[in-house]
Amino acid sequence: MQGHDPAVDEQGARRGFLSKVMALAAGGLATLAPAGAGVWVLLDPLRRKSAAASFLRVTEIEAIPDDGVPRQFPIVTDRVDAWTGFPAEPVGAVYLRREKGSDVVQALSATCPHAGCFVEMEPAEHCFRCPCHNSSFTLDGGIVAPSPSPRPMDELECRIGHGGAVEVKWQNFFTGIAEKVARP
Amino acid sequence: MSTAQRPGGGGLLGRLADFFDDRTGYRAILHEALYERVPGGARWRYVWGSTLVFAFLVQVITGLVLWASYSASAQTAWESVYYIQHEMAGGWLLRGIHHFMAQAMVVLLALHLLQVVIDGAYRAPREVNFWLGLVLMMLVLGMALTGYLLPWDQKGYWATRVATNLAGLVPLVGPALQQLVVGGPDYGHHTLTRFFALHAGFLPAGLVVMLVVHLALFRKHGLHAKQPLTRPDAMFWPDQVLKDAVAMLAVMAVVLGVILVPAVRTMLAGGTVVPGELGAELGAPADPSLPYAAARPEWYFLFLFQFLKVFEGWGASGEFLGAIVVPGLVMTVMFLMPILGHWQLGHRFNVAFTFGIVAGAALLTGLALNEDYYALWVDPASLAEAERLDAETEGDAAKLAAAVGGDPAKQAEAERQIKRLRKVRHSRAFLAAARQAKVDAARAVELAGRPERIPPAGMLELVRTDPASQGPRLFAQHCASCHAHVDPTDPAAATALAHSSAANLFGFGSAAWMRGLLDADQVGGPAYFGNTAHKEGDMVSFVTGDLADADTWSQEDIAAVVAAMAAEAGLPEPDVGREVVARGRDLVSSGERCGACHAFGDNGTDLGSAPDLNGWGGREWIVGIITDPTHARFYGDSNDRMPRFGVSDEGESPALTASEIGIVADWLRGQWYRAATH
Ligand code: FES
């Protein structure tokens with residue numbers, strides 16, 4: 001368009017600018033609802049919390065020989081996964097051990113503090129070993145240097161309830177850091 | 001060239017823009033995209049294509065996020081959609097936009113097509129682009145069709161069954177085609193995974209490819225301007241873009257309005273808005289064992305649904321004709337339009353044909369809606385005469401002729417009225433089914449919110465064992481032919497009771513029920529033993545004789561017996577005090593009183609003379625009597641016609657399974673999960 005009258009030109013330019021702003025505004029506004037709803041829903045997982053840590057009955061004290069050697073026990077509890085409720089399901093494992101003649105039970109989470117793999121017992125070598133990056137731990141969970149794991153195995157609170165029931169406070173901890181910090 | 005001369009200017013941002021432009025040439029591309037000449041200036045009639053692209057973009061955004069939360073299997077599809085709709089923050093809005101934008105897209109498609117045909121925009125050299133547009137239309141309709149199934153609720157499930165069965169009518173390959181689409185001989189996991197892959201993968205991928213070509217060709221040929229051009233040419237950006245953007249905003253506003261207006265209405269009425277109830281509906285979970293008379297396709301396919309009825313009575317060949325041949329012919333004509341359009345007459349034909357199709361579809365949709373909702377606009381009073389004639393003549397023409405006194409004009413009129421009555425009945429059945437579907441859907445949602453959550457086997461298991469929804473169905477099917485279940489204070493109760501041939505089980509186990517049984521005026525009436533062989537039995541003569549004698553049975557005695565029996569049943573009742581119940585128990589067990597016939601506590605009365613009153617009205621007791629009323633604990637030899645529902649006769653499976661009997665018992669006792677807010 002070749003304008004000859006500068007006033008008309010200016011008017012046209014201003015109108016063009018206004019059109020551009022309004023077009024962008026209208027288009028942006030129209031896209032805001034779906035994009036906003038999408039982000040809103042995508043962020044939903046941040047509202048979710050894991051079940052509060054609570055003491056769960058794992059076994060009876062007689063089931064743990066007092067020989068200092070850890071034994072593996074499943075943690076069985078009701079589990080909710082989004083919309084599904086799983087009644088009494090194995091959700092993880094602990095190692096329980098007891099010293100000779102003691103009725104104190106030590107509970108170690110089987111979750112590796114390095115990056116969360118399942119730590120296994122090496123009965124032949126009298127230690128725990130994580131299959132992922134070979135962190136090794138002593139039978140009472142202590143760290144064996146050098147180790148990719150920044151901290152010893154996570155000890156879980158454990159108490160003896162009625163009739164010798166062994167109850168463990170089932171919790172998950174952040175992995176990869178030196179401090180033991182429980183996940184909310 | 002110094003930086004100052006570059007279009008980006010000297011600033012940091014400008015230099016960055018220059019950097020990218022040097023390497024991509026994006027400015028030229030952008031310029032090309034935005035500065036398209038619009039002959040005759042921007043116009044509203046050109047916005048439809050852009051709004052369709054916008055609608056598709058909205059579907060992609062919302063669809064991808066929905067995908068991130070959806071789980072395609074027969075045990076998780078409904079459940080995950082429930083979770084999105086009712087539990088995820090903003091899920092109702094996201095799903096609402098996706099659902100209603102899909103409908104908007106169908107409307108926009110129709111408008112776009114109409115505009116193209118009316119303007120003759122399919123003419124050379126744009127024929128190929130017109131064909132591409134038709135393919136795009138079919139892809140969009142395919143996405144609508146496949147998306148309808150994904151929530152795996154009753155309406156989606158049954159509508160899809162119909163649609164896939166119709167696909168099976170295609171000659172030769174039909175059955176194989178159907179089996180391929182369904183993912184096997186039966187509907188299940190693979191129906192969902194395949195429909196989902198079609199809906200979110202194959203069809204949109206095909207659509208994107210076609211759309212790119214469609215747009216490229218559109219640009220190549222330029223906009224087909226509507227003649228005459230009344231204003232000077234303008235540029236696509238910003239003039240036409242502004243109009244397009246406003247139209248997009250309007251489309252979005254309509255979609256949001258559909259979702260949010262019910263919320264505003266609720267708020268104005270002083271109610272509380274439940275977000276999960278806004279936006280797209282979610283029916284009860286798909287249940288192949290449950291008839292679903294409210295099955296209808298989405299409204300924009302309703303005309304096809306109605307069109308099939310035109311061929312009713314033609315059998316499979318009729319359906320083949322209606323579902324495949326005729327729509328196929330219509331599509332063929334549409335594909336031929338650009339060629340027919342070479343002639344002026346051909347163009348006129350095309351326009352007329354398109355309007356004919358739109359008008360036909362509108363008419364068929366109207367007919368379909370009229371059939372379904374007919375009862376709403378018919379005054380029931382105007383049907384009284386027809387009802388009477390119909391009941392009298394039972395559809396017999398000769399009887400009808402006699403009833404109207406042999407007058408042919410009157411007979412024709414009566415026949416017309418009876419036909420109208422049939423239509424109303426038909427419509428009432430649909431409306432009832434639609435209402436029931438709403439009730440079932442709400443109940444499923446309520447159940448899904450239990451603290452125990454949905455069992456791993458899925459929602460259907462929970463729904464099928466739910467006394468609130470299954471109890472009435474089982475009762476209607478197995479018990480209601482003899483027993484009434486009607487609130488005696490209901491004004492309509494008398495009719496229901498008159499038709500029953502056994503006790504009214506409404507409130508069975510409650511103090512009120514027991515009070516009625518022990519009432520001399522009622523025990524021999526239709527709500528209790530009046531319509532049974534026990535009308536002449538010992539209980540009726542006891543209640544009308546001994547019990548009515550105030551010297552032997554004081555009012556307090558009777559009230560105490562009622563309290564004791566209600567305590568056996570264990571339903572929630574106002575507290576009458578422990579002493580009253582204890583006194584009642586003594587009276588019931590006493591050999592001078594009820595215990596003369598009925599076993600109770602440790603009174604030692606033999607079973608077989610009268611029903612055992614231990615645990616009367618409790619779950620176990622009700623399960624027992626339904627399982628086998630001829631058991632010595634209940635009516636023994638004097639059982640009056642009640643079938644043994646839980647006992648198998650001669651190797652046949654029992655009429656009701658143990659779990660079904662439990663459901664009936666729980667329903668009679670009003671024992672089912674209720675959400676705290678209700
Ligand atoms: S996760 Fe165990 S060593 Fe890395």
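Bear in mind these aren't lab numbers, they're just calculated from the coordinates by the rules spelled out. It should be emphasised that the depicted structure is a prediction, and the values quoted were computed from it without experimental measurement. Quick reminder, even Gly has a Cβ in these numbers, built from the backbone with ideal geometry, and neighbours come from all protein chains shown.
Think of each Lys and Arg Cβ as +1 and each Asp and Glu Cβ as -1; about the Cα centre, that makes the dipole of segment B:378-462 roughly 340 debye. Nearest 500 deg cm²/dmol is fine: what mean residue ellipticity at 222 nm does chain A get from its DSSP H runs of n ≥ 4 alone, each adding -39,500 (n - 2.57), divided by its residue count? Result for chain A, helices only: -7500 deg cm²/dmol.
Extension gain A:E60-A:W40, at 0.36 nm per residue separation less the Cα-Cα distance, in nm? Spell out each step's value before the answer.
Values: separation 20, 0.36 × 20 = 7.20 nm, distance 4.67 nm.
Between A:E60 and A:W40, full extension yields 2.5 nm more.
Shape class of the protein assembly as shown from the Cα gyration tensor (axes a ≥ b ≥ c, square roots of the eigenvalues): oblate, since a/c reaches 1.5 or more and a/b does not exceed b/c. Subtracting the Cα-Cα distance of B:R219 and B:V135 from 0.36 nm times their residue separation leaves 28.4 nm of extension gain.
Counting Cβ atoms of other protein chains within 10 Å of each residue's Cβ and taking the mean over peptide B:359-366 gives 0. Each part reduced to its alpha carbon centroid, segment B:564-630 and segment B:514-546 end up 17 Å apart. Ranking B:C597, B:A632, B:W621 by Cα position along the charge dipole of segment B:471-668, where only Lys, Arg, Asp and Glu carry charges on their C-beta atoms, puts B:W621 farthest toward the positive end. Charging the Cβ of each Asp and Glu at -1 and of each Lys and Arg at +1, and nothing else, the dipole of chain B about its Cα centre rounds to 4740 debye.
When you count the other C-beta atoms within 10 angstrom of each residue and take the mean per peptide, B:242-253, B:306-317, B:512-523 line up highest first as B:242-253, B:512-523, B:306-317. Please list, in order, the residues from segment A:73-106 whose amide nitrogen is less than 19 Å from a point placed 7 Å along the Cα→Cβ vector of A:E122. Once the point is set 7 Å along Cα→Cβ of A:E122, A:95 turn out to lie under 19 Å by backbone N, inside segment A:73-106.
Across segment B:611-618, computed HN-Hα scalar couplings (Karplus, 6.51 cos²θ - 1.76 cosθ + 1.60, θ = phi - 60°) run x, 5, 9, 5, x, 3, x, x Hz from first to last residue, x flagging Gly and Pro.
Each of the peptides B:34-40, B:160-166 was scored by the mean count of other Cβ atoms within 10 Å over its residues; in descending order, highest first, they stand as B:160-166, B:34-40.
Between B:A548 and B:R265, what FRET efficiency follows from the Cβ-Cβ distance if R0 is 45 Å, with the result rounded to 0.05?
After rounding to 0.05, the efficiency reads 0.20.
Other protein chain C-beta atoms within 10 Å of residue C-beta, averaged over A:72-84: 4. 3J(HN,Hα) along segment A:157-174: 4, 9, 9, 9, x, 4, x, x, 6, 8, 10, 10, 7, 7, 9, 10, 10, 5 Hz, from the Karplus curve 6.51 cos²θ - 1.76 cosθ + 1.60 with θ = phi - 60°, whole Hz, x for Gly and Pro.
Measuring r between the beta carbons of B:R15 and B:A359 and using R0 = 51 Å, the FRET efficiency lands at 0.25. If R0 is 35 Å, the Cβ-Cβ spacing of B:S648 and B:A533 corresponds to a FRET efficiency of close to 0.90. If a paramagnetic tag sat 7 Å from the Cα of B:F202 along the Cα-Cβ line, which residues of segment B:158-181 would have the backbone N under 19 Å from that point? Answer for this model: B:160-181. For the peptides B:557-565, B:668-676, B:437-445, residues were scored by their other Cβ atoms within 10 Å and the scores averaged per peptide; the highest-first order is B:557-565, B:437-445, B:668-676.
Here the contact order of segment A:118-173, divided by its residue count and restricted to Cα pairs under 8 Å and six or more residues apart, works out to 18 percent.
Work out the charge dipole of segment B:47-295 with +1 on the Cβ of Lys and Arg and -1 on the Cβ of Asp and Glu about the Cα centre, then indicate which of B:T62, B:M105, B:Y187 is farthest towards its positive end. In segment B:47-295, that residue is B:M105.
Among the GluC sites (Glu not before Pro) in segment B:435-469, those placed in a DSSP loop whose Cβ has at most 16 other Cβ atoms within 10 Å are B:E452. Which whole number gives the average, over all residues in B:84-92, of C-beta atoms from other chains lying within 10 Å of the residue C-beta? Across the residues of B:84-92, the mean count of other-chain Cβ atoms within 10 Å is 5. Computed from label points 7 Å out along Cα-Cβ, the spacing between B:L376 and B:A316 is 3.8 nm.
When the helices of chain B are scored as -39500 (n - 2.57) per DSSP H run of n ≥ 4 and the total is divided over every residue, the value at 222 nm lands at -18500 deg cm²/dmol. Between segment B:399-456 and segment B:655-669, the alpha-carbon centres lie 28 Å apart. Electrostatic tally near B:A468: other residues with Cβ closer than 11 Å to its Cβ, Lys and Arg +1, Asp and Glu -1, net -1. Please say if segment B:68-218 is rounded, prolate or oblate, where rounded means a/c under 1.5 for a ≥ b ≥ c the square roots of the C-alpha gyration tensor eigenvalues, and otherwise the choice is prolate for a/b larger than b/c and oblate otherwise? Oblate, because a/c is 1.5 or more while a/b does not exceed b/c. If you take the square roots of the eigenvalues of the alpha-carbon gyration tensor of segment B:1-75 and sort them as a ≥ b ≥ c, do you get rounded (a/c under 1.5), prolate (a/b over b/c) or oblate? It comes out oblate by the Cα gyration axes.
Structure shown: which of A:K49/B:K155; B:K155/B:K309; A:K49/A:K169; B:K399/B:K423 lie over 24 Å apart, alpha-carbon to alpha-carbon? A:K49/B:K155, as the Cα separations exceed 24 Å there. Projecting the Cα positions of B:L345, B:A457, B:V445 onto the charge dipole of the protein assembly as shown (unit charges on Cβ atoms of Lys, Arg, Asp and Glu, taken about the Cα centre) puts B:L345 furthest along the positive direction.
Rounded to the nearest 20, the Cβ-based charge dipole of segment B:585-648 about its Cα centre (Lys and Arg +1, Asp and Glu -1) stands at 220 debye. Computed from label points 7 Å out along Cα-Cβ, the spacing between A:K180 and B:E413 is 9.4 nm.
A straight chain from B:L111 to B:R428 at 0.36 nm per residue would run longer than the Cα-Cα distance by 110.7 nm.
Once label points are set 7 Å from the Cα along Cα→Cβ at both B:N165 and B:W67, what is their separation, rounded to one decimal in nm? Each label point is offset 7 Å from its Cα along the Cβ direction, giving 3.3 nm.
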